[in-house]
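Beneath this line is the structure, given in structure tokens, with notes to follow.
The values are calculated or read from the model by the stated rules, or taken from the named source; none is laboratory data. On a predicted model such as this, the values are computed, not experimentally measured, just so you know. Cβ placement follows ideal geometry from the backbone for every residue including glycine, while neighbour counts extend to all protein chains displayed. SASA here: full protein model, heavy atoms, side chains in, ligands and nucleic acids out. Shrake-Rupley method; radii C 1.70, N 1.55, O 1.52, S 1.80 Å.
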Amino acid sequence: MTSIGRFARSAPRLPLIAGLSPFGKALVALGTYATWTVITWLLEGRIQTFLHPEAVTDRLVYTGVANVFVGTILALLLVREFVDSEFSSRAELGFRSVPRTLVAVLLAGIIGFALYALQQPPTTDPVVVMNVFAQVLPVSIAEVAVCWVVVGGSVAALLRSRGLNQYLARGSALVLSSVLFGVYHVAHSPPFNSLEMVGLLTVVGVGTGLIYFVGGSFYGALLFHNLMALFGIVSSLAEAGQLGTYQQPLVPLLVTALVAFVILVGSERLLVRP
């Protein structure tokens with residue numbers, strides 16, 4: 001435990017952010033969202049990385065820079081400053097005890113799988129579902145961390161600091177996070193950058209926001225969000241006639257997802273400590 005604490009203390013500090021007013025912290029959160037969206041467009045939407053399964057290097061660069069470095073590590077560094085400066089708390093930002101997290105993940109998983117099945121997806125092949133789940137996970141981590149934790153959490157904290165009761169603060173943050181999540185998809189490849197898809201994904205974002213703000217669990221919201229993404233991705237692959245390439249375990253996707261999740265959990269436990 002001593003070594004873990006030493007490592008956490010040696011991680012980069014952001015004293016300028018910690019010293020900002022609540023409004024300043026919320027602006028930094030929105031700036032982080034804007035930066036992440038622009039990088040997503042540069043590394044994915046601009047060159048349509050998602051439409052080229054063979055572009056392994058482009059996918060790795062996009063995932064590593066946009067979703068792991070900015071969407072996970074930088075996002076959690078901001079969360080640490082929010083918590084350390086008492087702008088918000090671990091619990092308010094969805095990082096709960098292990099027992100509560102496990103319960104939230106279980107419930108979110110049941111609801112998410114049920115909704116996936118009820119939509120009559122093109123396939124329920126467990127290998128295809130596993131591959132697509134792994135492909136989407138690094139992106140989902142960044143989406144939930146940036147849109148709901150960093151932006152939503154900071155906006156809710158700002159509104160509470162201005163005297164708004166916690167329910168109205170969370171409700172307002174839920175709406176804003178969901179809208180920003182939908183809008184961010186203009187930085188992605190077709191068909192995700194269409195106006196119709198932006199509107200649909202905003203509605204999906206409301207579901208994630210309910211799990212996050214009402215359920216109070218980041219990991220529960222993450223699992224639910226990733227399961228909601230399954231249907232859209234599987235349907236797109238089916239329309240493009242690419243489901244066959246996902247019918248055997250795709251090791252690069254599985255390894256990338258595992259690495260992204262380990263970085264998430266490690267960063268959260270080391271940086272955003274009670």
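Laid out as a table, the results:
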item: Longest exposed-site-free window of the chain, the sites being GluC sites (Glu not before Pro) in a DSSP loop that have at most 13 other C-beta atoms within 10 Å; result: 87-274
item: Dipole moment magnitude, nearest 20 debye, the chain about Cα centre, only Lys, Arg, Asp, Glu C-beta charged; result: 1020
item: The chain - mean residue ellipticity at 222 nm from DSSP helices (-39,500 (n - 2.57) per run, n ≥ 4, rounded to 500); result: -20500 deg cm²/dmol
item: Residue-level accessible surface for residue 41, protein heavy atoms, 1.4 Å, Å²; result: 120
item: From phi via Karplus (6.51, -1.76, 1.60), per-residue ³J(HN,Hα) for region 86-101 in Hz, x at Gly/Pro; result: 6, 5, 8, 9, 3, 5, 5, 8, x, 9, 9, 5, 4, x, 5, 4
